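One structure below.
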Amino acid sequence: FPAENIRNFSIIAHVDHGKSTLADRLLELTGTISSNHSHQQVLDKLNVERERGITVKAQAYKDYLLNLIDTPGHVDFNYEVSRSLVACQGTILLVDASQGIQAQTVANFFLAFNEGLTIIPVINKIDLPAAEPDRVINQIESTFELDTSDISLISAKSGIGVDKILPTVIEKIPPPSGNVNKPLKAFLFDSWYDTYVGVVCLMEIVDGKLQKGDKIMSAYSEKMYEVIDIGIMHPEQFTTGYLHAGQVGYVICSMKVAAEAHVGDTFYHIKNPVDPLPGFEPAKSMVFAGVFPIDTNEFNRLDESITKLTLNDASVSLQRETSMALGQGWRIGFLGTLHMDVFKQRLEEPTVPYRIIYRDGTSKLIRNPTEFPEPMELQNKLSELQEPIILATIILPEEYMGSIIDLCGSRRGEQLEYTYMDESRVIMKYSIPLAEIVTDFHDELKSRSSGYASFDYEDMGYQTSDIVKMNVLINKRPIDALATILHRSQVANVGREWTKKLSEVIPKQLYEVIIQTTIGGKVIARETIPAMRKNVTAKCYGGDVTRNIELPQKAFYDFLSKG
Ligand code: GTP
């Protein structure tokens with residue numbers, strides 16, 4: 001396929017608006033998969049293995065090679081979504097006819113818009129009784145100012161209108177503009193770890209040609225690799241031996257771990273360096289969680305599986321952590337909250353990175369509350385403390401505005417603007433500290449709006465904040481793993497809540513247990529668990545009372561899990 005007969009495109013949509021269903025329909029139409037279920041299972045298998053990855057589904061249609069570059073729709077992966085959009089020249093903006101524009105529709109639209117892509121709006125689910133395509137057309141015009149004169153109205157489920165999509169893609173989306181005669185410039189936009197072949201990269205060949213046996217270099221790490229296998233995704237790996245300008249496909253090139261494959265990195269032939277593509281940022285974790293095994297004997301087994309999981313996901317950061325009370329564990333960093341969910345471990349009490357700016361101009365990033373200096377250590381040295389802030393976009397029916405405004409207010413949110421999208425739907429923008437949304441914000445938003453509000457966020461950098469470190473003391477000893485960083489306004493409530501919860505989960509001991517929360521040595525709240533009577537204890541603990549403080553680890557774990 002010459003470059004002018006290639007189209008690289010994606011589908012962007014809010015969750016559940018039908019992206020996967022439409023992708024499957026298009027693959028069926030081009031005969032890449034048949035409509036019977038055995039093939040569906042192949043795709044499902046690919047999906048299960050790579051829950052959050054970007055997939056490329058190449059399909060031949062008439063004289064064209066169409067690469068559908070599918071991106072995960074969630075905000076945590078905005079950077080990855082935007083990188084994968086770099087490999088596209090256009091995108092289908094899919095909107096559910098009954099739900100209309102939702103928060104991720106807006107976020108994804110702007111990512112695509114900022115990359116200068118051709119955007120084709122399509123309205124899906126017109127078969128639903130609740131479908132209101134005219135209303136959605138109005139929303140698209142007023143919110144995105146897109147031309148809707150020949151908009152496609154489809155049902156990805158029943159197939160109505162789907163046949164018009166690929167001809168529109170070919171007509172409206174320009175072919176990639178690369179030049180096969182220029183030096184190689186290859187753009188890496190995703191990777192995963194395959195147990196059999198190692199790291200598999202997805203790349204777009206921007207210029208030049210890449211073949212098996214070529215020696216290439218990463219512009220970021222300047223590490224050298226040899227191409228072992230190369231080809232297209234059809235939809236599974238199909239070896240072609242080379243890829244040339246305009247094509248996207250997979251490249252396997254002697255990388256040992258997924259962490260070597262940096263999304264957004266540029267590769268070139270070793271003796272022929274080129275300018276890397278702009279916009280590269282190494283992955284940065286924004287949500288951190290401490291993980292400790294309940295049974296310390298499980299450490300090695302868990303260590304193995306956690307290491308394996310991080311091998312497969314270049315954007316997870318991993319550090320060993322030791323806590324006096326909980327033993328050995330890990331501190332794992334994620335791009336965001338969904339990313340953490342996907343990791344499928346029981347990780348609770350996530351923290352976000354805080355920043356300390358010193359008077360001498362230096363700064364320090366704190367990812368673990370135990371690293372946070374005590375007030376005394378900061379005396380005369382501190383310039384300011386900062387915390388990460390996000391810009392939240394919330395779309396909701398106006399009748400829920402009051403209760404969502406309350407919610408955002410209680411999370412230290414500041415309203416920046418609100419606009420009506422049509423008579424009854426509102427877009428609100430808030431700046432909210434990231435720490436306030438990492439736990440249950442999304443659930444709260446859903447429950448307060450009967451599921452109708454949708455939410456998306458983007459990074460707004462750091463902002464000055466009056467944050468403090470709260471310590472939890474058991475019998476006057478600080479429990480490092482329970483230390484937490486929070487805003488001063490929350491200290492009284494959280495302090496009381498924590499002592500109370502801990503007093504409920506820690507079983508009675510032979511001795512009195514005093515639980516305290518403190519800030520810089522000052523006690524905020526206190527609970528006391530009275531000692532149990534001796535005869536009862538003998539039965540429960542077999543009389544082993546030699547250690548001064550021996551609280552069952554399980555209690556801490558329960559506490560951590562309950563938040
Ligand atoms: P995520 O993968 O979670 O991001 O969702 P998605 O956007 O890929 O949506 P998916 O294709 O999984 O569809 C979500 C639900 O909508 C599924 O239950 C589909 O069967 C249904 N659906 C998709 N298209 C249509 C349609 O045209 N009409 C109707 N009635 N239902 C549809």
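Computed from the coordinates by the stated procedures, all read-outs in this text should not be read as laboratory data. If you're wondering where the values come from, they're calculated on a predicted model, not measured in any experiment. Cβ placement follows ideal geometry from the backbone for every residue including glycine, while neighbour counts extend to all protein chains displayed.
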Subject >> Backbone HN-Hα couplings from phi across region 120-132 [Karplus 6.51/-1.76/1.60, Hz, Gly and Pro as x] >> reply: 10, x, 9, 9, 9, 6, 6, 6, 5, x, 7, 5, 10
Original post:
What's the lysine pair count for region 392-518 at a Cα cut-off below 26 Å, pairs eight or more apart or interchain?
Top reply: 8
**OP:** Return the long-range amide H neighbours of Leu382 (sequence gap of 5 or more, or a different chain), with a cut-off of under 5 Å between placed amide H atoms.
**Re:** Arg359
Subject >> Calculated SAXS-style log₁₀ I(q)/I(0) at q = 0.19 Å⁻¹ - region 99-257, Debye, Cα scatterers >> reply: -1.12
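Fewest to most neighbouring Cβ within 10 Å: what's the order for Leu68, Leu391, Leu502?
Values: Leu68 27, Leu391 16, Leu502 24.
Least to most surrounded, the residues fall as Leu391, Leu502, Leu68.
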Subject >> Linear extension gain, Tyr511 paired with Ser447, 0.36 nm per residue minus alpha-carbon span >> reply: 18.7 nm
**OP:** Return Val81, Val468 ranked ascending by Cβ neighbour count within 10 Å, so the fewest neighbours appear first.
**Re:** Val468, Val81
**OP:** Give a residue-ordered list of calculated ³J(HN,Hα) values for region 461-476 (Karplus: 6.51 cos²θ - 1.76 cosθ + 1.60, θ = phi - 60°; whole Hz; x for Gly, Pro).
**Re:** x, 10, 9, 4, 8, 8, 9, 9, 9, 9, 9, 10, 10, 10, 6, 6
Original post:
Taking H as built 1.01 Å from N, whose amide H comes closer than 5 Å to the amide H of Ser152, not counting residues under 5 places away?
Top reply: Ile123
Subject >> Cut-off 18 Å, label 7 Å out along Cα→Cβ of Glu141, residues of region 390-422 by amide N >> reply: 420-422
**OP:** Please compute the net charge surrounding Ile119, taking Lys and Arg as +1 and Asp and Glu as -1 over other residues with Cβ under 12 Å from its Cβ.
**Re:** -2
Original post:
In terms of the Cα gyration tensor, with a ≥ b ≥ c the square roots of its eigenvalues, is region 75-134 rounded because a/c is under 1.5, prolate because a/b exceeds b/c, or oblate?
Top reply: prolate
**OP:** Output ³J(HN,Hα) for region 237-250: one whole-Hz value per residue in order, computed from phi by the Karplus curve 6.51 cos²θ - 1.76 cosθ + 1.60 with θ = phi - 60°, and x for Gly and Pro.
**Re:** 4, 10, 5, 10, x, 7, 9, 10, 2, x, 8, 10, x, 9
**OP:** State, to one decimal in nm, how far the label point of Lys164 lies from the label point of Lys364, with both points 7 Å from Cα in the Cβ direction.
**Re:** 6.2
Original post:
Given a Förster radius of 30 Å and the C-beta distance between Asp459 and Ala492 as r, what FRET efficiency does 1/(1 + (r/R0)^6) yield to the nearest 0.05?
Top reply: 0.50
Subject >> Amide proton proximity set for Gly264, modelled H, under 5 Å, gap of 5+ >> reply: Leu188, Phe189
Original post:
Between Phe299 and Lys271, how many nm apart are label points set 7 Å from Cα along the C-beta direction?
Top reply: 5.2
Subject >> Taking the convex hull of Cα positions in region 357-406, its mean projected area over all directions (nm²) >> reply: 5.8
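Order of Ile232, Ile394 from fewest to most other C-beta atoms within 10 Å?
On the way: Ile232 21, Ile394 26.
If I rank by nearby Cβ atoms, fewest first, I get Ile232, Ile394.
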